[in-house]
1. Restricting attention to segment 66-82, which residues are open to solvent by 30 Å² or more (accessible area, probe 1.4 Å) and hydrophobic (A, V, I, L, M, F, W, C)?
2. From ASN205, ASN159, grab the single residue that is open to solvent by 30 Å² or more (accessible area, probe 1.4 Å) and touching a Lys or Arg at 6+ places or on another chain (Cβ under 8 Å).
3. Identify all residues within segment 20-38 that are in a helix (DSSP H, G or I), without any contact (Cβ under 8 Å) to a residue 24 or more places away in the chain and either open to solvent by 50 Å² or more (accessible area, probe 1.4 Å) or in contact with a Gly (Cβ under 9 Å, 6 or more places away or on another chain) (or both); write none if there are none.
4. Between residues in segment 282-306 that are over 29 Å from PHE190 (Cβ atoms) and residues that are modelled with pLDDT under 90, which pairs lie under 7 Å by C-beta distance while being six or more apart or on different chains?
5. Checking LYS49 against (1) surrounded by 14 or more Cβ atoms within 10 Å (Cβ to Cβ); (2) modelled with pLDDT of 85 or more; (3) part of a helix (DSSP H, G or I): exactly one of these is not met. Which one?
6. For segment 150-183, how many residues are among the aromatic types (Phe, Trp, Tyr), over 19 Å from GLU194 (Cα atoms) and at pLDDT below 85?
7. Find the residue count for segment 212-238, including only residues that are of a type in the set (S, T, N, Q), open to solvent by 20 Å² or more (accessible area, probe 1.4 Å) and either touching a strand residue (DSSP E or B) at 6+ places or on another chain (Cβ under 7 Å) or part of a loop (DSSP other than H, G, I, E, B) (or both).
8. Take the residues in segment 168-195 that are in contact with a Leu (Cβ under 8 Å, 6 or more places away or on another chain) and among the hydrophobic types (A, V, I, L, M, F, W, C), then tell me which one is most open to solvent (accessible area, probe 1.4 Å).
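The values are calculated or read from the model by the stated rules, or taken from the named source; none is laboratory data. Since this is a predicted model, take the numbers as computed values, not measurements. FYI the Cβ positions are ideal-geometry reconstructions off the backbone, even for glycines, and counts take in every protein chain you see. SASA here: full protein model, heavy atoms, side chains in, ligands and nucleic acids out. Shrake-Rupley method; radii C 1.70, N 1.55, O 1.52, S 1.80 Å.
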Amino acid sequence: MKEKDRNIAWFKNQGKRKDLIIKFYCELEDIGINDDIGLRSDSHWDDFKFRFDDTELIIQDKKILQKVYELASKYEKLINTTCENCGNRINNSGSDYFCEKCCFHSILKKESYDYISDLGFSYFDNNIASENPKKVFVRWNIFSKAIFIINEESIFSSNFPCEIYFQYKKPLLALDVWDEICIQETLSIFARNENFYTLLKHIPNNLLNENDQKIKNDLINHLDDCNICGHKSIYNKNNCLVCHSAGYNRVLTERMKKYYNTIEEWYKKMQLDYHSEDSEFKYPRLENQFEKSENYIKLFTEKELDDLKLLRSKKYNL
C-alpha cells in the first residue's frame, strides 16, 4: 500500500477528519509532491501526529521540505480541532474528536455499555477496520483477567479506574486500519462511556487481583454522600464521581472567605451550578448509576435556579 493510501486509511470511518487528510495531500500535490516521502500517521497522548521517518525522507530541496513541514503542522492542528462527525470546531482535542453541542453526547450514548449482567456485557465494537461498527455481546468467561488502569490526573476521583483492560484467554485475529491481519489480545473499556460504573460492579472477582477486588468492593459498599449533586458518589473521600466536585468535608479557606461568609454559601453556589447545567452537557452522565442520598438538602429555591438558567441561556444564546 502506498504511503498516501496508508495515511488516508488511518482515518477510515472518521468522516470530516478524513476529508482534511485528503486536502492535505492535494496541497502536497500543488507543490509537486506526488511520491512517498517518509511520512506516516501516528498519535501522541491521543492527539493525531504526522511522523517523518528520517531514513526514508527523500526530499532534498530545503525550501520544499520546509513547506511540507508547515503543511503537516497546519493539518495536525486542523485535524485535532475538528469534529469528525459534523466538521465543527472543537475546543478540546484528544481521544474525543466530537463537538459537545451536537455530536459528543450522541456518540457517548451510542458507545454506552449495555445488557450488563453476571453473564457479560455489550459494547460498541468501534473497530476502525469495520465499515459498519455495531454493538456486540461478550461473556466474562472469554477473558483471563481484568486490570484497572488508574490515572491520578484524571477528572475522576483518586484511585477510581479511568480504564479497564480485559485480556482474552485466546487472542483474536482482527484487521487493522490498513486491512492487515493483527492479533487483538485485550479489550479496553473506558470510564467516559455510559454505564462504566455499572459494568465495573459486575466484573467477576476471579478476573481481578487482590487490590482491584478491594477497589471494586469499596466502590460498591463504601461511597459517601455528595452535598452538591445529591448522590451517594464520593469515593476515597475525594472528588464526586457524578459532579466531580471536591466537596467532601469542605471547609472555608482564606481565599474562599473573600467570597463566602459560611461554607453553606459555597455549597449553595456549587449546587446551583450543578443543577442549572443542561443535563445534555454533563460529562460523563453517571447520575443514573448511583443512588440518591437520603440526607441531601437543597440550599436554593426554585426561583433562584430558574433565574440562573435564564441568565446562562442569555449569555450563551441557548
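1. Result: LEU78, single match.
2. ASN205
3. ILE22, CYS26, GLU29, ASP30
4. LEU305/HIS275; LEU305/SER276
5. Going through (1) surrounded by 14 or more Cβ atoms within 10 Å (Cβ to Cβ); (2) modelled with pLDDT of 85 or more; (3) part of a helix (DSSP H, G or I) one by one, LYS49 breaks only (3).
6. 1
7. Matching residues across segment 212-238 total 3.
8. It comes out as ILE181.
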